[in-house]
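What follows is a short report on a single structure.
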Amino acid sequence: MSSDARFAQVAAWLAEARSVTALTGAGISTDSGIPDFRGPDGLWTRQPEAARLFTLDNYVRDPEVRRRAWLARRDNTALTAEPNSGHHALVSMERAGRLRAIVTQNIDGLHQRAGSDPDRVIEVHGTIFEVACLTCNDRTPMRAALDRVEAGEPDPSCLICGGILKSATISFGQALDPYTLRRAVTAVSESDLLLAVGTSLQVHPVAGLVDVALAGGSRVVIVNAEPTPYDRAVDAVLHERIGDVLPALATAVERPQ
Ligand code: NAD
């Protein structure tokens with residue numbers, strides 16, 4: 001099938017779907033200047049040792065890892081990035097009544113910033129805009145913690161219990177919040193089309209949401225520049241740039257031919 005025919009087929013499926021859930025990954029935010037992990041310019045691809053900063057055990061054990069992690073957070077482009085046409089396309093699909101939920105692995109808050117209904121955005125890997133205490137679980141704004149770093153505390157601790165603070169994101173070796181994961185599974189189960197956008201589908205359990213969709217008989221469409229382990233199992237794959245294809249799909253859904 002030509003890529004035009006594949007696009008037309010996906011647009012028709014989106015237009016006829018009763019309920020669509022989008023599953024987004026780092027690839028939807030690369031056009032906003034936030035590097036992904038596993039793409040050609042990804043953080044892991046360029047600096048494999050950076051993964052150390054994102055491993056919970058190392059973070060808890062080693063104050064030097066924490067000091068470096070705070071500096072990395074201070075400089076994280078996700079804190080200041082602006083949403084791009086991919087995020088806006090999902091807002092259009094929601095306003096056209098097509099989108100039940102966005103399950104996002106991203107921690108950058110850009111779906112909400114673009115105008116997606118926050119109640120429909122399920123952040124399975126947390127958010128960089130908050131900090132959580134690893135002991136008492138108290139949550140505070142990231143900005144307040146970064147102000148402490150900038151005022152000379154290289155590893156600020158919890159003001160309530162003295163525990164270790166970390167961004168409220170899921171590190172390697174850290175369990176996902178079961179309630180949030182359940183919400184994601186419910187959204188996927190109750191939709192008849194799953195649109196996976198900008199994710200390498202290599203991170204579990206989130207990648208397993210594709211299995212949930214397939215097992216429930218839903219259509220699954222992947223939009224991603226590079227191949228994923230699920231390409232052969234799903235109904236269609238658009239190996240194209242998100243910034244090109246998602247706005248075009250949103251337009252096709254708003255004005256079906
Ligand atoms: P990933 O890095 O594993 O995969 C991203 C995929 O997107 C790659 O396959 C890449 O080819 C594709 N891609 C990148 N830019 C694209 C574009 N413009 N058009 C089409 N495809 C494009 O990302 P993942 O699957 O989300 O897993 C990485 C983990 O890292 C996630 O858990 C997420 O929490 C975290 N992360 C988040 C951010 C963020 O919040 N923006 C950024 C980096 C990593």
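Under 5 Å from the amide H of Thr24 lie the amide H atoms of Val103, Thr104, Gln105, Val197, each residue being 5 or more positions distant or on a separate chain, with H modelled from the backbone and absent for Pro and chain starts. Global dimensions of the range 1-120 from alpha-carbon coordinates: Rg and Dmax equal 17.7, 54 Å. When the surface is traced with a 1.4 Å probe over the full set of protein chains, Glu153 keeps roughly 70 Å² accessible.
Taking the longest Cα principal axis of the chain as reference, the axis of helix 242-254 is set at about 50 degrees.
The helix-only estimate of mean residue ellipticity at 222 nm for the chain, built from DSSP H runs of length n ≥ 4 each weighted as -39500 (n - 2.57), is -10500 deg cm²/dmol after division by the residue total. When the accessible area of the range 79-221 is computed with all protein chains present and a 1.4 Å probe, what percentage of it is carbon and sulfur? Carbon with sulfur: 51 percent of the solvent-accessible area.
In square angstrom, what is the accessible area per residue of the range 208-257 with a 1.4 angstrom probe?
On the way: 2540 Å² over 50 residues.
With all protein chains present, the range 208-257 gives 51 Å² per residue.
Leaving out ligands and nucleic acids, and using a 1.4 Å probe, what accessible area per residue does the range 52-138 come to in Å²?
Details: 3890 Å² over 87 residues.
It amounts to 45 Å² per residue over the range 52-138.
Annotation: His239 carries an accessible surface of approximately 90 Å², with a 1.4 Å probe and no ligand, DNA or RNA atoms counted.
The values are calculated or read from the model by the stated rules, or taken from the named source; none is laboratory data. Not measured: the values here are computed from a predicted model. These accessible areas exclude ligands, DNA and RNA; they are computed on the full protein's heavy atoms, side chains included. Shrake-Rupley method; radii C 1.70, N 1.55, O 1.52, S 1.80 Å.
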